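Undergrad: One structure, as structure tokens, below. Some questions next.
The values are calculated or read from the model by the stated rules, or taken from the named source; none is laboratory data. Quantities reported herein were computed from a predicted structural model and do not represent experimental measurements. Neighbour counts run over all protein chains shown; Cβ positions are idealised from the backbone, glycine included.
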Amino acid sequence: MESKVFTRRGALALAAATGAAVAVGAPRAAFAGSGTNVLRAGESLGANQYLRSPNGRYTAAMQGDGNFVLYTPTGARWSTRTGGQNGAGIVMQGDGNLVMYRNGAAIWHTGTAGYTGASLIMQDDGNLVMYRGAAIWATSWHWVWGRTQPGNPNGQKDCSWYAYERFRGFSGVYPNLSVGGFAHTWNETAVAQGWLVINDPKTQCVVCFERGVAGASTTNGHLGWVDFMQQRSDGPYVHVWEMNFGGGIGIEHQRWVKHQAGMSYIMAPQL
């Protein structure tokens, strides 16, 4: 299914390059007690196991069909969009990456390898949050839906075309983001169209580069897709997939970029 095409490729390519623990054949973690609200480093949820908030109102269920779903009293609010992957399980790895595996292959992940010792908590406010001190990933960053459009409006395979395709591959929709502007205006347009934009580095999102930032065009700015982030000694970095950078139109490119002023993140939802 389309929700896994780009995520899977990015995970394996990066694992090969950096040794990130999303590669095939990672050791099986110990199961957490089903019904607790915390998934600690090294623990996992198998099919039909779940986390539940202390107040009993919210459940994050690893379903037998392979979908990991956050349920509220009014129904499902977020999921990994991995239904059909029967028998999959999800692991809170010791390296800080939350990874779903099926038959030894990684099919979904949060892109947070490097945040060693992180834990996943099902909170009483209905938010499923990964912490290592501060929050590094949360479902609330991925359940805001804005205005969409029926197709990719870009006719050539530039950075905007690519950003649209990566967003659709993850969320299943094309966001309406390029109305009347260049790449560097996507963040402002996203807010106006109802999407969530965050200025701190995040994963599973489109990164918007202002003009001239991190090699972006001084006229149009630039866009890319973030699948991993890392905290390094000199600050946070994001791993960016992009087109029309380092190879031209239609050429896919990847790089690590240090987060800096002029970079913002348009969060892609999943359900």
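Undergrad: Part of a strand (DSSP E or B), in contact with a His (Cβ under 9 Å, 6 or more places away or on another chain), crowded, with 19+ Cβ neighbours inside 10 Å and not basic (Lys, Arg): does that describe VAL226?
TA: Values: part of a strand (DSSP E or B): yes; in contact with a His (Cβ under 9 Å, 6 or more places away or on another chain): yes; crowded, with 19+ Cβ neighbours inside 10 Å: yes; not basic (Lys, Arg): yes.
Yes.
Undergrad: In addition: For ILE136, only one of the following conditions fails: (1) closer than 20 Å to VAL99 by Cα; (2) in a loop (DSSP other than H, G, I, E, B). What is its number?
TA: All conditions pass for ILE136, except number (2).
Undergrad: I've got another one for you. Which residue pairs have Cβ atoms closer than 7 Å, lie 6 or more positions apart in sequence or on different chains, and pair a first residue in segment 211-232 that is free of Cβ contacts under 8 Å to residues at least 24 places away in the same chain with a second residue that is in a loop (DSSP other than H, G, I, E, B) and charged (D, E, K, R)?
TA: THR218/ARG211
Undergrad: Taking the residues in segment 158-193 that are of a type outside the set (A, V, I, L, M, F, W, C) and part of a loop (DSSP other than H, G, I, E, B) as candidates, determine which candidate is surrounded by the fewest Cβ atoms within 10 Å (Cβ to Cβ).
TA: Looking only at segment 158-193, we keep the residues that are of a type outside the set (A, V, I, L, M, F, W, C), and these are 158, 160, 162, 164-166, 168-169, 171-172, 174-176, 178, 180-181, 184-185, 187-189, 193.
Adding the requirement that they be part of a loop (DSSP other than H, G, I, E, B) leaves 158, 172, 176, 178, 180-181, 193.
Values: ASP158: 20, GLY172: 16, ASN176: 18, SER178: 20, GLY180: 6, GLY181: 14, GLN193: 17.
So the residue we want is GLY180.
Undergrad: Consider segment 191-233. How many of its residues are in contact with a strand residue (DSSP E or B) (Cβ under 7 Å, 6 or more places away or on another chain) and among the charged types (D, E, K, R)?
TA: Of the residues in segment 191-233, 4 are in contact with a strand residue (DSSP E or B) (Cβ under 7 Å, 6 or more places away or on another chain) and among the charged types (D, E, K, R).
Undergrad: If you go through segment 199-208 one residue at a time, do you hit one that is β-branched (Val, Ile, Thr) and assigned to a loop (DSSP other than H, G, I, E, B)? Steps first, answer last, please.
TA: First, the residues of segment 199-208 that are β-branched (Val, Ile, Thr): 203, 206-207.
Still in the list and also assigned to a loop (DSSP other than H, G, I, E, B): 203.
Yes, because at least one residue in segment 199-208 is β-branched (Val, Ile, Thr) and assigned to a loop (DSSP other than H, G, I, E, B).
Undergrad: Give the residues of segment 184-203 that are touching a Ser or Thr at 6+ places or on another chain (Cβ under 6 Å) and among the small types (Gly, Ala, Ser), sorted by residue number.
TA: If the condition is that a residue be touching a Ser or Thr at 6+ places or on another chain (Cβ under 6 Å) and among the small types (Gly, Ala, Ser), then no residue fits.
Undergrad: Looking only at segment 233-250, count every residue that is surrounded by fewer than 19 Cβ atoms within 10 Å (Cβ to Cβ) and at pLDDT 95 or above and tell me the total. It would help to see each step written out before you state the result.
TA: From segment 233-250, those surrounded by fewer than 19 Cβ atoms within 10 Å (Cβ to Cβ) are 233-237, 246-250; that's our starting set.
Then keep just the ones that are at pLDDT 95 or above; that gives 233-237.
The number of residues fulfilling the criteria is 5.
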